[in-house]
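Throughout, read-outs are computed from the coordinates displayed, never taken from laboratory work. Bear in mind that the values here come from a model prediction, so they are computed numbers and not experimental data. Don't worry about glycine lacking a Cβ; one is built from the backbone with ideal geometry, like all the others, and counts go over all protein chains shown.
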Amino acid sequence: MAPVVEKSMKKLVIKSFFAVILGLLFSLAPLAVSAQCTMCKTQVESSRTEKDGYDFSGLNKGILYMATIPYLLMGAVGYFWYRNTHSAKKTTSK
């Protein structure tokens with residue numbers, strides 16, 4: 001019984017390690033990303049040259065925020081769907 005517990009614990013540690021590394025990489029990725037589309041970039045550049053007093057420094061962060069939310073929602077739905085079907089398979093196999 002102990003080798004089975006040890007093996008599952010080792011798998012858990014490896015998966016957790018890769019999850020942390022992947023999370024760190026994804027958290028550093030937005031620093032190098034310019035999320036503006038061509039239309040947004042053109043509009044910001046023309047507004048900056050006009051000096052009309054608007055501050056567009058948060059535009060990239062806003063675009064990244066709006067792009068991230070759908071992926072988080074889809075990931076959450078996928079996770080709960082997987083967890084639900086996986087637990088249903090365990091109860092039917094017993």
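Before moving on, here are some points about what is shown:
- Virtual spin-label span in nm between ALA19 and TYR82, 7 Å along Cα→Cβ: 1.0 nm
- SER27-LYS7 FRET efficiency (beta carbon distance; Förster radius 35 Å; 0.05 resolution): 0.70
- The modelled label-to-label distance for the pair THR92/LYS41, using points 7 Å beyond Cα in the direction of Cβ, is 5.0 nm.
- Couplings 3J(HN,Hα) of the stretch 16-25, computed from phi: 5, 4, 5, 5, 5, 4, 5, x, 5, 5 Hz, in residue order, whole Hz [Karplus 6.51 cos²θ - 1.76 cosθ + 1.60, θ = phi - 60°; x for Gly and Pro].
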